[in-house]
Amino acid sequence: MGAGWYTPGMSQNIESVLNETRKFPPVPAASLGFARWHIGSEEEYRALHARSIADPEGFWREEAKRLAWFRPFDRVLEWSAPDAKWFVGGKLNACYNCVDRHVQAGFGECEAIIWEGEPVSPRTNHPSSTSRYASEPEIRRLTYRDLLVQTSKAANALKALGVKKGDVVTIYMPMVPELAVAILACARIGAAHSVIFGGFAPTAISERMIDAGSRVIVTADGGYRRGEVVPLLRNVEEALGLLRNHGHVVEHALVLRRVGHEVAAGAMKTGDKRGETVMHWWHDTVDRASDACPCAEMDSEDMLFLLYTSGSTGKPKGILHTTGGYLTFVQMTARLSFNLMPDAGQVFWCSADIGWVTGHSYVLYGILMNRVPTLMYEGAPNFPALPGGGGDRFWSIIARHRVTQFYTAPTAIRTFMKWGDHLPAAHDLSSLKVLGTVGEPINPEAWIWYHEHIGRKRCPIVDTYWQTETGGHIVTPLPGAIATKPGSCTLPMLGVDAVVVNEAGQELGPNQGGLFAIRKPWPGMLRGVYGNRERFVSNYWSRLKDPKTGEPWYFSADGARRDEDGYFWVMGRVDDVIKVSGHLLGTMEVESALVSHPAVAEAAVVGVPHEIKGNAICAFVSLKTHWLKANNRHPDELLRKELTSHVAKEVGALAKPDQIRFADGLPKTRSGKIMRRLLRDVAAGVEKITQDTTTLEDFSVVAKLRENEE
Ligand code: WT7
């Protein structure tokens, strides 16, 4: 097994990372205006990491004590692989830890959330103005006291809708402060939240609500994105129709008015019904609710949230996180990875949507617990768009709000590179101290650009490797301690026993490609796949085990190698999921969406390397000839467009294939398995989408040639 065998879904250019030798040493805290680094040298990191692995219980006991507990825990860990119980017997509340405790400690007037809305009117022709915009964006600042009042009201409103401890509340909202409020309100009363990213389609909403047994949804009439309105309420209403057909009753929908007159929702009144679902305006219910609501006393192992993520089967899985362990892990990782300190003038900005785990852990929970203001931006980086394309909104936000830590995704960085160096150059980015990236491997070119044009060669970059399942960072440089190398996520987080092994569980030598595993439980680990024990065990705990004891190890489904310094280089997924613009997508999800169209006989979806997105989606589709004939249709551009929008409608816009290629039949092995590797090669080998509408691809010859290889 040599480097490079793990080609599936790989978004790194192997050549460029194998030859990457640049190393950037950590800089003194003072050079960035930090009072200190939490961990200030590699020796200190190595000693702490060694201790955290040798004595995990001692290590995590201390970390957990940073939280506010209503009742202290009796034991740190009960571990019977793959089941972990952390901080056994402890009682606490997540909202209390993010909000109430700060108010009680006298920090009620400190800023908790700084929010900027998307809309501004572009200034067309007004030479006297220093601003390019005719109107300034809407900005809201919420203190911890505001959050306390708002979450208490929202919590009471949810209670009035019958939401109880243990229920799952679905949240489908734009990036507005009320999204944070809704999440914290659930935590406050002990209901689990299940946030669905606003880019998902009605089918995705209904599937997730059925799976979670969720009977209440919080949404908004719409949200702003690139100057347009995302019709969230319309999608929810459509989802309610689908749910009705399934016999799944949604009792209540709580709707925030965000876009008002811009959608037809003006017609909705509180108390209206959509089927059996009672509709409520947020301003009728939350605003009028009492602002006194005690925090529910939750067990450390009570469910905090579900978050659905794509897997290698068609159905997304509900990743289950619990309270005490998750909070302990995210408060620590947020603090150490970004050197967070309260009262130090820091403003933390993670540009991820709260609909993804990055937003859960590092827009909300991890940042609020550390009492550092967290910035939320509602919209797109290219709104308003600039002449010549692209946008500088992010740089303007950093400059205006004096952002100190900025956290974004490689795909965004590559987009910014394309838009041009002059855009960040026009802004004062001197407030920045630490930069972060997450979501997929970052190519060294993008890393260097980020370092030079955003960090102005001053700021350390933390390339944080983790997953929805891990709760928080599992491999990342600590900014004051670890020298960085472009493209490497460097060394394991404290308390995380990460290794690269072969199938037999043996650790591999330098630069040998293998599988990424974690040998010991950590507090932020998922506790299950909701309602699916089998999937939990088989997806994560079945492939790798301790060769001596046979105890299962956590397998992340990523290929990785370590270099001569022990640094990790993640090479990408080894299962049938691909990362498209940093978003995880099951190829099966897209395939099922395609075959649900009457024209499609079979579909196979593969990832193709893409300059900006990391991977693009290429779908090979064989058509039902009788259907084509009967409907007088052809394998043409029109049908391609129709299939593309069909996928968007079934899954969401982020799943739209970038290429659809019609084939006579799909290449299969004798046992009937689709030869994906062949399709990946074919897809990667073609520069331009074939516009030839008449010839179908004939795989029969290549398939025969390749059959022996599979
Ligand atoms: C997958 C998890 C983690 C929050 C957002 C994504 C890939 C993530 C990195 C990184 C290389 C990375 C992996 C992982 N990934 N961060 N820094 N370097 N790969 O969460 O949607 O659950 O995706 O993202 O392939 O398995 P997710």
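The values are calculated or read from the model by the stated rules, or taken from the named source; none is laboratory data. Here the structure is a predicted model, which is why all the values come from computation and not from measurement. With ideal geometry, Cβ positions are generated from the backbone for all residues, glycine too; neighbour counts draw on all protein chains shown. Only protein heavy atoms, including side chains, enter the accessible area calculation; ligands, DNA and RNA are left aside. Shrake-Rupley method; radii C 1.70, N 1.55, O 1.52, S 1.80 Å.
Mind listing whichever residues of segment 456-482 are away from the ligand (no atom under 13 Å from the Cβ) and open to solvent by less than 10 Å² (accessible area, probe 1.4 Å)? It would help to see each step written out before you state the result.
Step one: filter segment 456-482 for residues away from the ligand (no atom under 13 Å from the Cβ), giving 456-460, 478-482.
Scanning segment 456-482 gives Cys459, Leu478, Pro479, Gly480, Ala481, Ile482.
Based on what the data block shows, is Thr203 among the β-branched types (Val, Ile, Thr) and open to solvent by 40 Å² or more (accessible area, probe 1.4 Å)? Show your work before the answer.
Values: among the β-branched types (Val, Ile, Thr): yes; open to solvent by 40 Å² or more (accessible area, probe 1.4 Å): no.
No; evaluated as a whole, the condition is false for this residue.
When you go through Thr415, Thr411 one by one, which is the residue that is within 16 Å of the ligand (Cβ to nearest atom), open to solvent by 10 Å² or more (accessible area, probe 1.4 Å), part of a helix (DSSP H, G or I) and among the polar types (S, T, N, Q)?
Working: Thr415 fails: within 16 Å of the ligand (Cβ to nearest atom).
Just one listed residue meets the conditions, Thr411.
Checking Thr669 against (1) surrounded by 20 or more Cβ atoms within 10 Å (Cβ to Cβ); (2) over 26 Å from Ile442 (Cβ atoms), which single condition isn't satisfied?
Unmet for Thr669, out of (1) surrounded by 20 or more Cβ atoms within 10 Å (Cβ to Cβ); (2) over 26 Å from Ile442 (Cβ atoms): (1).
Consider segment 277-301. How many of its residues are among the hydroxyl-bearing types (Ser, Thr, Tyr), crowded, with 19+ Cβ neighbours inside 10 Å and more than 27 Å from the chain's Cα centre (by Cα)? First the steps, then the outcome.
Step one: of segment 277-301, the residues among the hydroxyl-bearing types (Ser, Thr, Tyr) are 277, 285, 290, 300.
If we keep only those that are crowded, with 19+ Cβ neighbours inside 10 Å as well, we get 277, 285, 300.
Of the ones still in play, those that are also more than 27 Å from the chain's Cα centre (by Cα) are 277, 285.
Qualifying residue count, segment 277-301: 2.
Where in segment 1-79 are there helices (runs of 4 or more DSSP H), lying fully within it, with 2 or more residues that are modelled with pLDDT of 95 or more? Can you show your working first?
Numbers: elements: 14-18, 42-54, 56-64.
Because the criterion is at least 2 residues that are modelled with pLDDT of 95 or more, the helices (runs of 4 or more DSSP H) in segment 1-79 that meet it are 42-54, 56-64.
So, restricting to strands (runs of 3 or more DSSP E) that lie completely within segment 185-233, which ones have at least 3 residues that are in contact (Cβ under 8 Å) with a residue 60 or more places away in the chain and closer than 22 Å to Asn532 by Cβ?
Correct list: 192-195.
Do we have Gly487 as within 16 Å of the ligand (Cβ to nearest atom), over 23 Å from the mean Cα position of the chain (by Cα) and at pLDDT 95 or above here?
Details: within 16 Å of the ligand (Cβ to nearest atom): yes; over 23 Å from the mean Cα position of the chain (by Cα): no; at pLDDT 95 or above: yes.
Taking the combined requirement at face value, the residue does not satisfy it.
Take the residues of segment 425-454 that are farther than 30 Å from Thr309 by Cβ and among the small types (Gly, Ala, Ser): which is farthest from the ligand (Cβ to nearest atom)?
Only one residue tops the list, namely Ala426.
Take the conditions within 16 Å of the ligand (Cβ to nearest atom), farther than 28 Å from Gly325 by Cβ and not acidic (Asp, Glu) and apply them to Val590. Does it pass? Before the answer, list the steps.
Numbers: within 16 Å of the ligand (Cβ to nearest atom): yes; farther than 28 Å from Gly325 by Cβ: yes; not acidic (Asp, Glu): yes.
The answer is yes for Val590.
So, of the residues in segment 347-359 that are more than 24 Å from Leu491 (Cβ to Cβ) and open to solvent by less than 20 Å² (accessible area, probe 1.4 Å), which turns out to be farthest from the ligand (Cβ to nearest atom)?
To start, the set of residues in segment 347-359 that are more than 24 Å from Leu491 (Cβ to Cβ) comprises 347, 349, 351, 353-356, 359.
If we keep only those that are open to solvent by less than 20 Å² (accessible area, probe 1.4 Å) as well, we get 347, 349, 354-355, 359.
Details: Val347: 21, Trp349: 16, Ile354: 12, Gly355: 11, Gly359: 9 Å.
Filtering segment 347-359 for residues that are more than 24 Å from Leu491 (Cβ to Cβ) and open to solvent by less than 20 Å² (accessible area, probe 1.4 Å), the one farthest from the ligand (Cβ to nearest atom) comes out as Val347.
Output the number of residues of segment 302-319 satisfying the condition of being surrounded by fewer than 23 Cβ atoms within 10 Å (Cβ to Cβ), under 17 Å from the mean Cα position of the chain (by Cα) and modelled with pLDDT of 95 or more.
1
Restricting the search to segment 206-238, which residues are closer than 21 Å to Gly311 by Cβ, crowded, with 16+ Cβ neighbours inside 10 Å and of a type outside the set (S, T, N, Q)?
Start the filter on segment 206-238 by keeping residues that are closer than 21 Å to Gly311 by Cβ, which leaves 206-214.
Next, only the ones that are crowded, with 16+ Cβ neighbours inside 10 Å stay: 206-209, 211-212, 214.
If the condition is that a residue be closer than 21 Å to Gly311 by Cβ, crowded, with 16+ Cβ neighbours inside 10 Å and of a type outside the set (S, T, N, Q), then Glu207, Arg208, Met209, Asp211, Ala212 are the ones that fit.
Every residue in segment 363-395 that is open to solvent by less than 10 Å² (accessible area, probe 1.4 Å), free of Cβ contacts under 8 Å to residues at least 60 places away in the same chain and not in a loop (DSSP other than H, G, I, E, B), please.
Within segment 363-395, Ile367, Arg393, Trp395 qualify.
Determine which single condition Pro547 fails, assuming it passes every other condition in (1) open to solvent by less than 40 Å² (accessible area, probe 1.4 Å); (2) more than 11 Å from the ligand (Cβ to nearest atom); (3) at pLDDT 95 or above.
Status for Pro547: all satisfied but (1).
Does at least one position in segment 552-574 carry a residue that is farther than 30 Å from Arg46 by Cα and either more than 13 Å from the ligand (Cβ to nearest atom) or within 24 Å of the chain's Cα centre (by Cα) (or both)?
Here is the first cut: in segment 552-574, the ones farther than 30 Å from Arg46 by Cα are none.
No, there is no match, as no residue in segment 552-574 is farther than 30 Å from Arg46 by Cα and either more than 13 Å from the ligand (Cβ to nearest atom) or within 24 Å of the chain's Cα centre (by Cα) (or both).
Quick check on my filter: what residues within segment 210-247 are in contact with a strand residue (DSSP E or B) (Cβ under 7 Å, 6 or more places away or on another chain) and not hydrophobic (A, V, I, L, M, F, W, C)?
Residues satisfying the conditions are Asp211, Gly213, Ser214, Thr219, Asp221, Gly222, Gly223, Glu237.
Restricting the search to segment 419-450, which residues are open to solvent by 40 Å² or more (accessible area, probe 1.4 Å) and not in a helix (DSSP H, G or I)? First the steps, then the outcome.
Step one: of segment 419-450, the residues open to solvent by 40 Å² or more (accessible area, probe 1.4 Å) are 419, 421-422, 425-426, 428, 430, 445.
Hits for segment 419-450 are Asp421, Ala426, Asp428, Ser430.
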